[in-house]
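Q: Could you have a look at this structure, given as structure tokens, before my questions?
All of the numbers you see were taken from the coordinates with simple rules; none came from a lab. A quick note: this is a predicted structure, and the numbers were derived from the prediction, not measured. Note that we place each Cβ from the backbone using ideal geometry, even for glycine, and neighbour counts take in every protein chain shown.
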Amino acid sequence: MVPAPSSDRLAPPNPDPPLPLGRWVALGAVAVCGSLIYGASLAWVLPRWSLQGAAAWLTLSAGLAWCVFIPSLLWSTRITWRECLDACLWTMAAGEVVLVTGALGNGLLARAGGCANAALINALIVALSNIVMAAALTVRLRPRVNAWRTVTLWMLVLNGSGALFFAGLYRFCRLP
């Protein structure tokens, strides 16, 4: 007697695996919450900055820059939107690890009575986060996207639009 074929063999192949929506929501939440936490922590060490204003400024500026960068990355690399979104969300999460660690440092600085170099220290934290994210994205997109293309887009599009959004939203968020 011949065994009946299993249902696995009868099902048509699934060319598109299901979207990893749960992972994307979790990574998006890490990005937004991490930016809010780090932004708010700036108010602990920078005179006259409000928690809400600093959190909104950092989160909106960075978020809008990503909204410019992701379509640019898609258009210029021809990777799939799934690959692009997945790589970008993992990249954001990697950067948030650095920023949340920086927020803890800001908390320690505030408890110690502040620091005359708090602005410089935070600029270095943001620079380190930027380097970590650029490296993470480059690694995630290899070998499909040339590293030079990824870094060039990162510097021109993400950092360029980010700088414009940071400058434009500074007063809107009522920072000194």
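Q: Evaluate region 134-155: report whether one residue or more is surrounded by fewer than 19 Cβ atoms within 10 Å (Cβ to Cβ), β-branched (Val, Ile, Thr) and in contact (Cβ under 8 Å) with a residue 24 or more places away in the chain.
A: No, region 134-155 contains no residue that is surrounded by fewer than 19 Cβ atoms within 10 Å (Cβ to Cβ), β-branched (Val, Ile, Thr) and in contact (Cβ under 8 Å) with a residue 24 or more places away in the chain.
Q: Filtering region 58-95 down to residues that are buried (at least 17 other Cβ atoms within 10 Å of the Cβ) and in contact with a Cys (Cβ under 8 Å, 6 or more places away or on another chain), which residue is farthest from Leu175 (Cα to Cα)?
A: Checking each candidate, the answer is Thr77.
Q: Every residue in region 159-176 that is under 25 Å from Thr80 (Cβ atoms) and touching a Ser or Thr at 6+ places or on another chain (Cβ under 8 Å), please.
A: Gly162
Q: Take the conditions surrounded by fewer than 18 Cβ atoms within 10 Å (Cβ to Cβ) and within 23 Å of Thr101 (Cβ to Cβ) and apply them to Leu21. Does it pass?
A: When the stated conditions are applied, Leu21 does not pass them.
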